[in-house]
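Here's the structure we're looking at; comments come further down.
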Amino acid sequence: MERGDTSEEDEDELKEPPPEPTRFGWVQGVMIRCMLNIWGVILYLRLPWITAQAGIGMTWVIILLSSCITGITGLSTSAIATNGKVKGGGTYFLISRSLGPELGGSIGLIFAFANAVAVAMHTVGFAETVADLMRENGAVMVDRTNDIRIIGIITVTCLLGISMAGMAWESKAQILFFVVIMVSFASYIVGTIIPATPEKESKGFFSYKAGIFAANFVPGWRGKEGSFFGMFSIFFPSATGILAGANISGDLKNPTVAIPRGTLMAIFWTTVSYLIISATIGSCVVRDASGILNDTLSSSSSSEGCIGTACQYGWDFSECIKNGTCAYGISNYYQSMSMVSAFAPLITAGIFGATLSSALACLVSAPKVFQCLCKDRLYPLIGFFGKSYGKNDEPLRGYLLTYIIAACFILIAELNTIAPIISNFFLCSYCLINFSCFHASITNSPGWRPSFRFYSKWLSLLCAVCCVVIMFLLTWWAALIAFGVVLFLLGYTLYKKPEVNWGSSVQASSYNIALNQCVGLNNVEDHVKNYRPQCLVLTGSPSSRPALVDLVNCLTKNLSLMMCGNVVTVILPGKHQIISHVKWLNQRKVKSFYRGVVAAELRSGVNMLLQGAGLGRIKPNVLLAGFKKDWRSDTPQATHSYIGILHDAFDLHYGVCVLRLKEGLDVSHPSQGHELQPGTVFQKKQGKKTIDVYWLFDDGGLTLLLPYLLTRRKRWARCKVRVFVGGEKDKKEEQKADVLALIKKFRLGFHDVEVVTDLYQNPQPMNTMPVGRKGVCPTTLYMAWLDILSRDLRPPVLLVRGNQENVLTFYCQ
């Protein structure tokens, strides 16, 4: 044996340690990835046009407003990401572990889908640019639409190959794209400084001019989209992409450091780039130009009739401005950055880099988020895609699913069709991230301790509201679709109630609300109109007496408190035992608390429950127990203890109910544990049966209230209640009318009353009424009375005695 152990140890030492998976720092893993995902086609092809419409001043407002939203969302993301260890799953992981599976699961699914569709959007943007370049050079495969489809499918297939090669290859490709974009920016900035040639001047470029800056600083709205919110709706998608780093949180060396630093730096530098480009393009290029070299002002011609800013620099574009036929200028020419650039092909390369890098980032993000969602198994039929491969746990099946979804949307070949929904889904994610941060902060949970402190819960709430407003301002129907999907998935999760516990802020909030409401009840005096039978049920282990549980559940469900009490006299109950009791109640769909106590004997344990159960005004006022069927064979001390429990309840102002079934209550089978869910008579539909109520003593009305509560339940609704009262033979009808009138005042809906006239005659040897006065009637005799009274009856028997507290009233106040 020793030799065998030694050889096994030697073999373990000879084995090579598993290779370390690739992990990234904050620059390569988060900042560069976010910047590439934020920069896109709008930066190159729409920002100059937005500057022409809104003016430099309003464009800066649009850029800064968008950056405020993404910046606050970045702060909220940083706070959530630094409140504990962040695993894979990115946005889904952050929201689900903060808000819980209900909202986290729904937003995770639509965010993964939005990223998959975003792959198609960016790929189509790339394919459109390639198709236009091909057409300019006379190279057409089929037609423009089909060319976009062909180029798009080929492109996304290549991107899939890069993604499936592993995160290391994907990250290297992202660095290449980043370098290309930076070179294109440098080419543009150099181009703005170089003196303009006559050809560029004819297209509206005059290098830096104060007159052009002044003219372009104010808005020049044109067309149906010519408004602040119209321009904002077009620009805002270019500010999204801030979650690209968080979406690969599982591949970062230190996510709690990398996500805040990288995300916020990416937002800062991309905002600076947008501001610089809008200011420089607005200072160099006029709004309208013809592109015709002959449209110059000669020294002999007059400039009095010349229209436009270009008149100051020797050019007359009046004719095309009047006719609305100007082909150039930042109001008309989407490729203005290419025209200004020192080397136009570098701008084209930048467009390629921006679109392909964004597509690649989304192609990686979607499977990573979806993989985490699949592993949590919140929704059916998706677990297949949660399988991991390789040292980096690559979601290869998720990659293929994302590829299929992207390919389907690429076939649409129309950006304007898919972009609004994507933007709304991303905004929906931002809204929930900010709300998660606000919610976690407002609950004051001790578990909310983010190491990143530079956030404000009120700013997070404001940003969440702004996101919702912007969603409807962008595309109201897409916003309705987004919220519809979220609400549907939320409803599904609430219905299924997945067995996960992530310590979410929703749980913390539920505790706060419950605690405040309980404390608030201390200031409310009890009133008979608000009386509810709050029941302490002596079930022992709840699974051992299901009939008792089911009866009380019929009385208290969605109405009042039910607490199953268990007195343990042998060993201390373990935590797993308590959990199993609660689980059994939940599986039976019984809304009840469970409370177990340890005591030397039963009576003292029940006394502990009677005095200590409940919280504030939410405490039991009715004790329910099963009939002690074995009182004859058990010791006299046990019978004395049982009757003593009833007297203790009366002394503590409890109402008391004792349930007896002909077949007994105890169905416990220790060998089978708590898994059984046996059926009982109280679970069945009762049909047109009769509930007989013997109202023989005015105990406050509890004897009448309980059957009324039963008939409010669906399965008991068709039952007839028959009330028996004591009376005198010669006044039978008069007393019956009085009782019916009283019941009508109480609005109980009982119409059948029987007067028992021999109630006050001397008892016969075989029919004795139980009195059971404390200290007068022996406990054994009292048990004999109860036994004879309820023995061998086919229906269940419930013996009820109130505590003299009025539980019914016919007054309004």
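Bridging of K629 to lysines at a Cα separation below 23 Å is possible for K662, K774, once same-chain residues fewer than 8 apart are set aside.
For helix 476-496, what angle does its Cα long axis make with the longest principal axis of the chain, in degrees from 0 to 90 and rounded to 10? Once rounded, the angle reads 30 degrees.
All distinct Cα pairs of segment 201-282 go into the 1/r average, and the inverse of that average, the Kirkwood radius, is 16.0 Å. One decimal place: the segment V190-Y492 gains 103.1 nm when fully extended, by the rule 0.36 nm per residue minus the C-alpha distance.
Between the helical axis of 636-651 and the longest alpha-carbon principal axis of the chain there is an angle of about 60 degrees. Over segment 280-432, all Cα pairs binned in 10 Å intervals from 0 give whole-percent P(r) values of 9, 22, 22, 16, 13, 10, 6, 2, 0, listed from short to long. Across every direction, the projection of the convex hull enclosing the Cα atoms of segment 401-448 has a mean area of 4.8 nm².
Segment L676..I404, full-extension length gain: 93.3 nm, with 0.36 nm per residue of separation and the alpha-carbon distance subtracted.
Taking all Cα pairs closer than 8 Å and separated by 6 or more residues, the relative contact order of the chain comes to 16 percent. Taking a quarter of the surface of the Cα convex hull of segment 689-754 gives a mean projected area of 4.3 nm².
Label-to-label distance for D666 and F384 is 5.2 nm, based on points extended 7 Å past Cα in the beta-carbon direction. Taken over segment 476-570, the convex hull of the Cα atoms encloses 233 Å³ per residue. Rounded, prolate or oblate: which fits segment 569-708 when a ≥ b ≥ c are the square roots of the eigenvalues of the alpha-carbon gyration tensor, with rounded for a/c under 1.5 and prolate only if a/b beats b/c? Rounded, since a/c falls under 1.5. Note on exposure: M265, M134 ranked by accessible area (1.4 Å probe, complete protein assembly) read M265, M134, with the most exposed listed first. Phi angles of segment 717-733 translate, via the Karplus equation with coefficients 6.51, -1.76, 1.60 and θ = phi - 60°, into HN-Hα couplings of 5, 8, 6, 9, 9, 10, 9, 9, 10, x, x, 9, 4, 7, 10, 4, 5 Hz per residue; Gly and Pro are given as x.
Bridgeable lysines around K391 (alpha carbons under 19 Å apart, same-chain partners fewer than 8 residues away excluded): K15, K87, K172, K253, K368, K375.
Per residue, the average separation of C-alpha pairs within less than 8 Å and at least 6 apart gives segment 207-323 a relative contact order of 30 percent. When the helices of the chain are scored as -39500 (n - 2.57) per DSSP H run of n ≥ 4 and the total is divided over every residue, the value at 222 nm lands at -18000 deg cm²/dmol.
Annotation: amide H-H contacts under 5 Å for V598 (H modelled 1.01 Å from N, sequence separation of 5 or more, or interchain): V568. For helix 344-376, report the angle its Cα long axis makes with the longest principal axis of the Cα atoms of the chain; keep it between 0 and 90° and round to the nearest 10°. The answer is roughly 10 degrees. The accessible surface of segment 130-222, taken with every protein chain in place and a 1.4 Å probe, is 70 percent carbon and sulfur. Put a plus charge on the Cβ of each Lys and Arg, a minus charge on the Cβ of each Asp and Glu, and nothing anywhere else: the dipole of the chain about its Cα centre is then about 2820 debye. Computed with the Debye formula from one identical point scatterer per Cα of segment 385-527, without solvent, the log10 of I(q)/I(0) at q = 0.09, 0.10, 0.17, 0.19 Å⁻¹ comes to -0.47, -0.58, -1.24, -1.27.
Residue-wise HN-Hα couplings along segment 49-55, as the Karplus relation 6.51 cos²θ - 1.76 cosθ + 1.60 with θ = phi - 60° gives them from phi, are 5, 5, 4, 5, 6, 8, x Hz; Gly and Pro carry x.
Annotation: lysines with alpha-carbon distance below 19 angstrom to K200 (same-chain offsets under eight excluded): K209. Here the Karplus curve 6.51 cos²θ - 1.76 cosθ + 1.60, taken at θ = phi - 60°, turns the phi angles of segment 308-322 into couplings of x, 5, 5, 4, 5, 10, x, 10, 10, 10, 4, 4, 6, 5, 5 Hz, with x standing for Gly and Pro.
Think of the chain as a dipole: +1 on every Lys or Arg Cβ, -1 on every Asp or Glu Cβ, centred on the Cα centre; then among Q507, G100, Y333, Q507 lies furthest on the positive end. Sparsely packed loop sites in segment 586-634 (the chymotrypsin sites (Phe, Trp or Tyr not before Pro) outside DSSP H, G, I, E and B with at most 10 other Cβ atoms within 10 Å) do not occur. By the gyration tensor of its Cα atoms, with a ≥ b ≥ c the square roots of the eigenvalues, what is the shape of segment 24-83: rounded for a/c under 1.5, prolate for a/b over b/c, or oblate? Cα axes put segment 24-83 in the oblate bin. Need one word for segment 541-638: rounded, prolate or oblate. Basis is the Cα gyration tensor (sqrt eigenvalues a ≥ b ≥ c); a/c below 1.5 gives rounded, then a/b vs b/c decides. It is rounded, given that a/c, with a ≥ b ≥ c, falls under 1.5.
Where both bridge residues fall in the chain, DSSP classifies roughly 30% of the beta bridges as antiparallel. Applying 0.36 nm per residue to the separation of L521 and Q577 and subtracting their alpha-carbon distance, the gain on full extension is 17.0 nm. Each semi-axis of the equivalent ellipsoid for the chain is √(5λ) with λ an eigenvalue of the Cα gyration tensor; in descending order they amount to 78, 32, 21 Å.
For the cross-link pairs K557/K745; K457/K575; K529/K720; K685/K744, the ones whose C-alpha atoms lie over 31 Å apart are K457/K575.
Over segment 511-669, give the accessible area per residue in Å² for a 1.4 Å probe, as an integer.
With all protein chains present, segment 511-669 gives 51 Å² per residue.
The values are calculated or read from the model by the stated rules, or taken from the named source; none is laboratory data. Computed from a prediction, not measured in an experiment: that's the story for all the values here. All Cβ positions, even for glycine, are placed from backbone atoms using ideal geometry, and neighbour counts span all protein chains on display. The protein model used for the area step is the full one, side chains on, heavy atoms only, and it has no ligands, DNA or RNA in it. Shrake-Rupley method; radii C 1.70, N 1.55, O 1.52, S 1.80 Å.
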